[in-house]
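The values are calculated or read from the model by the stated rules, or taken from the named source; none is laboratory data. Just so you know, these numbers come straight off a predicted model, no measurement behind them. Cβ coordinates were reconstructed from backbone atoms using ideal geometry, including for glycine residues, and neighbour counts include every protein chain displayed. Heads up: the accessible areas ignore ligands, DNA and RNA and are worked out on the full protein's heavy atoms, side chains in. Shrake-Rupley method; radii C 1.70, N 1.55, O 1.52, S 1.80 Å.
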Amino acid sequence: PYVLMELQAHTMLYMAANNNKLRQIIAEQQCVFSRMWFSIERSAWDLTSQVQEWKSICEALRKGDVAEVVRVNQEHFSTFYTYLKSSF
């Protein structure tokens, strides 16, 4: 459920960018991260921060605040990357 929502949200974001190269890069990376997602132990990971980050991204998009979208997206990726790194 969460993984599917995450994939759909990422897809909407990169499709909205209307940039074919960006779409290609993100789609390739999404495949890699999806495989990693399923290979790690998530039971100890509190998804609350991930969900809150998505809420912040959506709010920034509604406001048209590109800088905030970028900032929260970087935080979102950093949170996932840190957890991923500690899982291997």
Checklist line | Rounded if a/c under 1.5, otherwise prolate or oblate - the chain, Cα gyration tensor axes | finding: oblate
Checklist line | Neighbourhood charge, 15 Å Cβ-Cβ cut-off, centred on Val69 and excluding it, Lys, Arg +1 and Asp, Glu -1 | finding: -1
Check: Using alpha-carbon pairs under 8 Å, 6+ residues apart, how would you state the relative contact order of the stretch 3-88 in percent?
Finding: 26 percent
Note to self: With a 1.4 Å probe and all protein chains left in place, how much of the accessible area of the chain comes from carbon and sulfur atoms, in whole percent?
What the structure shows: 61 percent
Item checked: For the stretch 23-32, 3J(HN,Hα) per residue [Karplus equation, 6.51 cos²θ - 1.76 cosθ + 1.60, θ = phi - 60°, Hz, x = Gly/Pro] -> 4, 5, 4, 5, 4, 5, 5, 4, 4, 5
Checklist line | Computed [θ] at 222 nm, helices only, for the chain once each DSSP H run of length n ≥ 4 contributes -39500 (n - 2.57) | finding: -27500 deg cm²/dmol
Next item on the list: Mind giving me the FRET efficiency for Asn18 and Lys55? R0 is 22 Å, r the Cβ-Cβ distance, nearest 0.05 is fine.
Entry: 0.40
Check: For the chain, with every protein chain kept in place, what is the accessible area per residue (1.4 Å probe, Å²)?
Finding: 69 Å²
Checklist line | Dipole magnitude of the chain, debye to nearest 20 (Cβ charges: Lys/Arg +1, Asp/Glu -1, about Cα centre) | finding: 220 debye
Margin query: Using only Cα atoms and rounding to the nearest 10 degrees, what angle (0 to 90) does helix 48-63 make with the longest principal axis of the chain?
Written below: 0 degrees
